[in-house]
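Shown next, in structure tokens, is the structure this report addresses.
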């Protein structure tokens, strides 16, 4: 329903003539202190409506005209978007719950899950924009490569999770690409929580409270939005990933540099570079470029919040886990069943 300008003006004149506006003035003193005062001014005057009031009224009317002509479309689009976001959020929450349970039952697989996620990412080739976190590591010819030795059990857990998640998914099967990266997220959260519990002398309840109050849960926002990766349909090319346990620091630096990362990111990802983080960090500490970052993160992990370490690790994983991916933001959404009110028995 459209609204004419003249009818709007005429209907608003009585209201405008009787209303008052409140203006806040904030002069700055010589000491740099800002003091604010509210001053009430009467809109009405002998000249009737001021030009500013007419312009405001005109702007409001144009907005009303637009809403009148396209409001239903905007409302429908917004409602559909909100429904999809809620669907994705609920599904994502269930996925995390599934991984939380599985990892809690097999905590010894945490290092392998981290390396699995990294190795799926590190096939990314910056020049050709190929490879990356696309789930290609699930193929037998890729998981059996030397750099992926010992990761089969982690992949088995991914398969177990997929079977369960697909059974309750209303928006189609979940991609291996998403599964592998979200398994790494769940594994990291488990290590962060375990660290908080250790700092509380092994008290699980106090450790949980510590992580809730000072932990990094709020830093996962961007990672969570990147939900909707697409699976590769064939293995990624060979020779793109070093064997982390046998690689020199220079080889690791070169690989990270090839995808746009430096010594800082290499140091913070030490837990992903093989099963023994302590041994990996000892090796990285021998390099003058990486050593300062290794020491920084070791000190950070000893603090109550471990903020520097956890935030940098989450940031780095977030960037890595989206390399070369076009995120499908409608993934895992589904049409809502329509209710035919005419058939309802009242």
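Coordinate-derived values only; no laboratory data. Small disclaimer: the values here were computed from a predicted structure and weren't measured. Because the Cβ atoms are built from the backbone with ideal geometry, glycine has one as well, and the counts that use them run over all protein chains shown.
Before moving on, here are some points about what is shown:
- Put a dot 7 Å past the Cα of residue 85, heading toward its Cβ, do the same for residue 234, and the two dots end up 4.0 nm apart.
- Under the simplified labelling scheme, the residue 308-residue 334 pair shows an inter-label distance of 4.7 nm, with each label point 7 Å from Cα along Cα→Cβ.
- A Förster distance of 22 Å, applied to the separation of the beta-carbon atoms of residue 326 and residue 170, puts the FRET efficiency at 0.45.
- Relative contact order computed over the range 87-320 (Cα-Cα under 8 Å; 6+ residues apart), in percent: 22 percent
- Efficiency of FRET from Cβ geometry, residue 144 and residue 286, R₀ 35 Å, rounded to 0.05: 0.65
- If a spin label sat at a point 7 angstrom from the Cα of residue 219 along the line to its beta carbon, the backbone N atoms of the range 166-201 nearer than 15 Å would be those of 185-196.
- Summarising the overall dimensions of the range 138-236 from its C-alpha atoms, the Rg and Dmax are 16.7, 48 angstrom.
- For a paramagnetic label modelled on residue 106 (point 7 Å from Cα along Cα→Cβ), amide N atoms under 19 Å away belong, within the range 114-138, to 114-120, 135-138.
- Computed over the range 87-320, Kirkwood Rh from alpha-carbon pairs, angstrom: 18.2 Å
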